[in-house]
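Derivation of every value follows stated rules applied to the coordinates shown; laboratory data play no part. As the structure is a prediction and not an experimental result, all values here were calculated from the model. Quick reminder, even Gly has a Cβ in these numbers, built from the backbone with ideal geometry, and neighbours come from all protein chains shown.
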Amino acid sequence: MKRALLVSPTAPAQEAAEGLRNRYEWVDLREADMVVALGGDGFMLQTLHGMLGRRRIVPVFGMNLGTVGFLMNDWRDHALDERIANAKPFQVAPLRMEAETIDGEQVTSPAINEVSLLRETRQTAKLEVEVNGRVVLDELVCDGVLVATPAGSTAYNLSAHGPILPLDSPLLALTAISPFRPRRWRGAILPDTASVQFRVLDAKKRPVSAVADQQEVRDVAVVRVTSDRSSRLTMLFDPEHALDDRIVMEQFAV
């Protein structure tokens with residue numbers, strides 16, 4: 001299997017890459033059957049987003065040289081061939097964000113973890129929430145709201161007290177961020193076939209931005225979020241430290 005090496009610009013990742021380049025054979029990304037990525041979770045998301053733009057999407061085996069490394073395997077510079085041969089694949093379907101700004105600009109962007117809407121000023125956001133063409137909340141008053149995939153359910157979604165979703169579940173988490181009204185609403189779990197639309201109420205007075213992973217669109221008026229199951233991405237994990245095991249254990253973290 002032909003491998004490409006992608007490396008974060010951080011010093012630890014660059015230093016580790018030198019050893020790997022001397023020990024193993026590598027090819028250009030355009031010729032690769034799989035990718036080894038060195039860095040942290042942010043670099044893994046960057047690498048996966050880069051896969052979405054390719055004609056042929058190949059799996060990614062990440063090794064952590066960042067901070068948290070939830071989406072990465074442990075860093076080791078030996079037995080790489082054996083680790084890749086025994087790795088457990090996990091597929092994720094990214095979200096598709098379609099945003100329209102108050103000026104009429106249309107922006108489309110994928111998201112692997114989540115799509116979030118956030119207030120831009122000190123004033124709370126007021127949002128109408130629609131699921132599959134039906135208005136389910138006439139007015140959600142909050143700091144923001146997000147839609148997360150199972151892979152992203154342990155990221156921002158968890159910090160906002162959203163549910164952790166099993167990796168193999170065909171589900172999305174719809175989670176409010178600091179909701180004010182309705183006071184008792186804490187979010188919902190939706191099938192991944194659902195289409196979720198947010199309409200910003202009084203958008204000029206109460207401006208809201210939309211963020212698909214790391215891409216921000218400011219002053220949005222309408223945001224629609226769906227799953228893009230035609231663009232599945234594959235991450236590879238060591239069997240003893242697979243992502244599904246991490247998500248299970250995250251529910252018992254204190």
- Query: Any idea what the alpha-carbon Rg over 2.2 N^0.38 Å comes to for the chain?
  - Reply: 1.08
- Query: lysines within cross-link reach of K204: Cα-Cα under 20 Å, excluding same-chain residues under 8 positions apart?
  - Reply: K126
- Label 7 Å along Cα→Cβ of D228; region 65-107 residues with amide nitrogen under 17 Å? 91-100, 106-107
- In percent, how large is the relative contact order of region 173-254, given Cα pairs closer than 8 Å and 6 or more residues apart? 22 percent
- Item | Cβ charges +1 (Lys, Arg) and -1 (Asp, Glu), total dipole of the chain, debye | 620 debye
- Added length on full extension, which subtracts the Cα-Cα distance from 0.36 nm per residue, R186 to E105: 26.1 nm
- Full-stretch length increase - H161, H241 - with 0.36 nm per residue and alpha-carbon distance subtracted: 26.3 nm
- Message: Suppose we look only past 23 Å in the calculated P(r) of region 67-158. What percent of the Cα-Cα pairs does that tail hold?
- Response: 45 percent
- Among G144, V107, S169, flag the residue with its Cα farthest along the positive direction of the charge dipole of region 101-252, charges on Cβ as +1 for Lys/Arg and -1 for Asp/Glu. G144
- Note on the structure: Relative contact order as a percentage, region 1-131, C-alpha pairs under 8 Å and 6+ apart, gives 18 percent
- Report the label-to-label distance for S195 and V135 in nanometres (one decimal), using points 7 Å from each Cα along the Cα→Cβ vector. 1.8 nm
- Note on the structure: If the chain between R23 and Q46 were fully extended at 0.36 nm per residue, the gain over the current Cα-Cα distance would be 5.7 nm
- List the relative contact order of the chain as a percent without decimals, with contacts defined as Cα pairs under 8 Å and 6+ residues apart. 21 percent
- Rounded Å value of the spacing that divides the Cα centres of region 154-203 and region 1-39: 36 Å
- region 138-215 pair-distance distribution - Cα-Cα, 10 Å bins, rounded %: 18, 50, 29, 3, 0
- Just in region 7-59: which trypsin sites (Lys or Arg not before Pro) are loop by DSSP and have at most 12 other Cβ atoms within 10 Å? R54, R55, R56
- Theoretical FRET efficiency, 1/(1+(r/R0)^6), r = Cβ-Cβ of H78 and F252, R0 41 Å, to 0.05: 0.85
